[in-house]
Amino acid sequence: MKKFILILLVILFSGCADKERIVTNANGEAKTYQFFLKQNYNPEQYTLNLKNGDSKITIVVTKDKSFYQVTNKENTTQIIEKDGYKHTIDFDMKSYTTELIMDLTNYSLGYLPKDMEKLKTESYKTGKDKLTYEEYVYQGGSTTYYFKGDKLKHIKNKTSLNETTVSFVSISSKIDKKLFDLPKDYQEITY
């Protein structure tokens, strides 16, 4: 009987640990903050690799340039933004279109934190459903980070228009500057 009560207590208390809770007085202890801190994440310069099904997503950002590429079995989509222009590469036609832009597009919006200092003290919802999660609410949506131990596994971005969950592959402060070079033998089409 004592064994049964002990097992019942273990089940009850372990179930309590998985309950969702809201952390309002965060002070740098969140898994999300600790993960990006250990990765030396800088919102102004990074290389981010994600997966969405069979698609590989690469986002590279510097202070004044961005590179966005999605590759799957069917095709590759690549966009390079620099010097006030957006260049969309068409690998089939061996060309790229060029159009004037006012600001760089934030392709990692909803996936990466914008400000590490703000993230350090930002409130979040946490719990466990197979993986430990931390959900951060922002104007117009939310971002949920899913962890297995201290490793980031998935990121869910939810807005009023859609919901996307991607698998996290890697993030680095190293930048391959050659990614911002336009193909020399491709024809430029301007609008």
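Which of the residues spanning the stretch 29-59 are over 12 Å from the mean Cα position of the chain (by Cα) and more than 18 Å from Glu135 (Cβ to Cβ)?
Scanning the stretch 29-59 gives Leu37, Lys38, Gln39, Asn40, Asn42, Glu44, Gln45, Gly53, Asp54, Ser55, Lys56.
Does the stretch 159-174 hold any residues that are surrounded by 12 or more Cβ atoms within 10 Å (Cβ to Cβ) and assigned to a loop (DSSP other than H, G, I, E, B), and which are they?
Ser173
Pick from Lys177, Lys156: which is surrounded by fewer than 17 Cβ atoms within 10 Å (Cβ to Cβ) and out of contact with any Lys or Arg (no Cβ under 8 Å at 6 or more places or on another chain)?
Only one candidate passes the filter, namely Lys177.
Among Glu135, Glu81, which is of a type in the set (Asp, Glu), surrounded by 12 or more Cβ atoms within 10 Å (Cβ to Cβ), modelled with pLDDT of 95 or more and closer than 29 Å to Phe180 by Cβ?
When all the criteria are applied, what remains is Glu81.
If Thr144 meets every condition in (1) β-branched (Val, Ile, Thr); (2) in contact (Cβ under 8 Å) with a residue 24 or more places away in the chain; (3) within 20 Å of Ala26 (Cα to Cα) apart from one, which number is that one?
Going through the list (1) β-branched (Val, Ile, Thr); (2) in contact (Cβ under 8 Å) with a residue 24 or more places away in the chain; (3) within 20 Å of Ala26 (Cα to Cα), Thr144 breaks only (2).
Residues to consider are Ser123, Ser108; find the one that is polar (S, T, N, Q), exposed (fewer than 15 other Cβ atoms within 10 Å of the Cβ), within 21 Å of Pro43 (Cα to Cα) and in contact (Cβ under 8 Å) with a residue 40 or more places away in the chain.
Only one candidate qualifies: Ser123.
Looking only at residues in the stretch 148-160 that are of a type outside the set (Lys, Arg) and within 13 Å of the chain's Cα centre (by Cα), which one is farthest from Gly110 (Cα to Cα)?
Result: Leu152.
Answer with yes or no whether Thr98 is touching a residue at least 24 places away in the same chain (Cβ under 8 Å), more than 18 Å from Thr32 (Cβ to Cβ) and part of a loop (DSSP other than H, G, I, E, B).
no
Go through Thr71, Thr32 for me and flag whichever is closer than 23 Å to Glu163 by Cα, surrounded by 17 or more Cβ atoms within 10 Å (Cβ to Cβ) and of a type in the set (Ser, Thr, Tyr).
From the options Thr71, Thr32, the qualifying one is Thr32.
The values are calculated or read from the model by the stated rules, or taken from the named source; none is laboratory data. None of the values given here were measured: they were computed from a predicted structure. No Cβ is skipped: glycine too gets one built from the backbone with ideal geometry, and neighbour counts run over all protein chains shown.
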